[in-house]
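J.: First the structure, then my questions, so here it is.
Only the coordinates and a few stated rules stand behind these numbers; no lab work does. Please read all numbers here as calculations on a predicted model, not as lab measurements. A quick note on method: Cβ atoms are made from the backbone with ideal geometry, for glycine too, and the neighbour counts reach across all protein chains shown.
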């Protein structure tokens, strides 16, 4: 059984023990969406590893490798070499401040780059790098509360997930004077092109990424993603761009805020579900088939040919 973000949020009441201070994990293959919910809830409650009931030794060992234990208790260090870090997964990274955001973005994009490495990175990969940075930035600048993120590769898929316990979309919209009737309306509004609660104007492209102020050496986004280094950060358009990626590369998206859970799958079907137990902040999970994401589009190839032709004397003769 696959334990996903959607499963976690629909079964939130069963995650927390009603009789003792424990999180009781579900039995099955846990995806990044599940792990970020577990980590966020545990940290919010002030729990450490002793407050988590794992289903088996294998599940607990994997949680240790992901750095769940270290995030809950900094003295609980992992004693082995993480040989699969950056290959099969990125570590659970706590999102508690701007430097954490930069570190999480760099970690996940490095993992994506390692798994999907090829001589000419596809447009899908370059756009995914950009969206990862955008969504991480939004978690902090909108909620400014505790959150976690991670990525994982499994069964030919790559999944990136994050969750926070901040304001949530509806409350953030209210904060800036934008009123909506429901959490589902707030999610829908945030999905629309051009909609953002960040009321700033920038000359940078919506796909450009801010380089950390103390960044030394190369960009954490890779050489193919444009960057800038001013204090005018991302424009809050991550969800629209992420949905476009889902459409273009047959992915699967889950977004939750408040009592609403939104899903958009690789058959282009979207659905809203009302949760019995609301998630106060924002939780997002997206996954793509590696084969689809690594695809070099025909338009991309044509553009590359055109660029070469322009270097050698202009357009092709007609």
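J.: Give me 69, 136, 99 sorted ascending by neighbouring Cβ count inside 10 Å, so fewest comes first.
T.: In order of increasing Cβ crowding within 10 Å: 99, 69, 136.
J.: Now, a different point. Please order 78, 249 by the number of other Cβ within 10 Å, starting at the fewest.
T.: 78, 249
J.: I need the per residue convex hull volume for segment 1-110, using only the alpha carbons, in cubic angstrom as a whole number.
T.: Spread over its residues, the Cα hull of segment 1-110 gives 115 Å³ apiece.
J.: Exposure proxy check: 1, 173 ranked by fewest other beta carbons within 10 Å?
T.: Sorted ascending by nearby Cβ count, the order is 1, 173.
J.: Mean separation of Cα pairs under 8 Å and 6+ residues apart, divided by the residue count of segment 1-153: what relative contact order is that in percent? Could you put the intermediate results ahead of the total?
T.: Details: 198 pairs, mean separation 35.9, N = 153.
Rounded, it is 23 percent for segment 1-153.
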